[in-house]
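Shown next, in structure tokens, is the structure this report addresses.
The values are calculated or read from the model by the stated rules, or taken from the named source; none is laboratory data. What you are looking at is a predicted structure, and each value in this text was computed from that prediction instead of being measured. Using ideal geometry, Cβ is built from the backbone for each residue, glycine included, and neighbour counts are taken over all protein chains shown. To get the accessible areas, we keep the full protein, side chains included, count just its heavy atoms, and leave off ligands, DNA and RNA. Shrake-Rupley method; radii C 1.70, N 1.55, O 1.52, S 1.80 Å.
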Amino acid sequence: MFAGYKIVIFLSVFTFGCEYSVAENQNHGGPEPQIPVVLWHGMGDSCCFSFSLGQIKKILEVHLTGVYVKSIRIGGSEIEDVENSFFKNVNDQVAEACNQLAQDTRLQRGYNAIGFSQGGQFLRAVAQRCPNPPMLNLISLGGQHQGVYGLPHCASLEHRLCDYLRRMLNYAAYLKDVQRKLVQAQYWHDPLKEDEYKKNSIFLADINNELTLNEDYKQNLQKLKKLVLVMFENDTMVQPRQSEWFGFYKPGQSVQLETLQESAIYTEDRLGLRAMDKAGKIDFLSIAVDHLQFTDVWFIENIINKYLSGNSFEF
Ligand SMILES: *[C@@H]1O[C@H](CO)[C@@H](O)[C@H](O)[C@H]1NC(C)=O
């Protein structure tokens, strides 16, 4: 059932992206003049479409003269990468990303990372699970660090896919097969079923140290120089959008929200976020636009100039 559905949808929706191809970066041999940047795209997107991350890559290369940008691609082609953003076990995707980063000689001294939407929580998993090469700053643009309990206007996606996702997530997110196969189920966080979430979420509950306490996760996350959490104030895609700042519904209901600082992850210091926050290592930014709808100017002024333009490894 999964496979058949998948093919129909992707042939009809995503064929427009096929023609774009990535130009390989030249390695000039010497030390990198700029700290490299690693990108991870969001749901329904790919590493390199010219209208999304391909464009971001160009902006980075212009504003950080010649910077090496690696945009993570999961799968053998851009179309597979898009498919995998819905249908591949996130733990396997993170392991694959870690492998790509470890094998990339140009990243060995460290890199800054920018996650787009779900790419934000995936890159946080990379920071927590794979400390080498070191991630320096992590910028999360609308990442859902406490998961989602709704994808209200899965607007840019095809209707049938949207309806299907919602149906699966509402009724079956925590079933083993759905967890393994549907990416969004792996960060589906049902506040009415906190225990079920903690026990059965194979990705988010694990990286958030919900059930067990993985000390490595805690230590590794704290190695970040900065964790930058960007929330889209007019986000109609992510519910609740406070998840982009690590907030969520208070357990047991789906109306009242709590901030990161009020959450158990923080008060029980399950991830080291309390220490990071007190040390001023978490920046909470917001912008009054819909999901990922920031302008190039905003991105240059608030992200590139503030967090990426230091051109040396000496901090
Ligand atoms: C966007 O969100 C802000 C803050 O929540 C609100 O004041 C503003 O009216 C919203 N803008 C639009 C266009 O919805």
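Per the conditions (1) modelled with pLDDT under 95; (2) within 17 Å of the chain's Cα centre (by Cα), the sole criterion not satisfied by Arg241 is (1).
Would you please name the residue that is nearest to the ligand (Cβ to nearest atom), looking only at residues in region 272-285 that are open to solvent by 50 Å² or more (accessible area, probe 1.4 Å) and not charged (D, E, K, R)? Going through the qualifying residues, I end up with Phe284.
Determine if region 288-298 includes at least one residue that is of a type outside the set (A, V, I, L, M, F, W, C), open to solvent by 50 Å² or more (accessible area, probe 1.4 Å), in contact (Cβ under 8 Å) with a residue 12 or more places away in the chain and away from the ligand (no atom under 16 Å from the Cβ).
yes
Of everything listed in (1) within 14 Å of the ligand (Cβ to nearest atom); (2) open to solvent by less than 40 Å² (accessible area, probe 1.4 Å); (3) under 24 Å from Ser52 (Cβ atoms), the single unmet condition for Ile303 is (1).
For region 58-69, the criterion of being polar (S, T, N, Q), touching a His at 6+ places or on another chain (Cβ under 8 Å) and either open to solvent by less than 20 Å² (accessible area, probe 1.4 Å) or in a loop (DSSP other than H, G, I, E, B) (or both) is satisfied by no residue at all. Residues of region 222-261 that are within 16 Å of the ligand (Cβ to nearest atom) and part of a loop (DSSP other than H, G, I, E, B): Glu233, Asn234, Asp235, Thr236, Met237, Val238, Gln239, Pro240, Gly247, Thr259.
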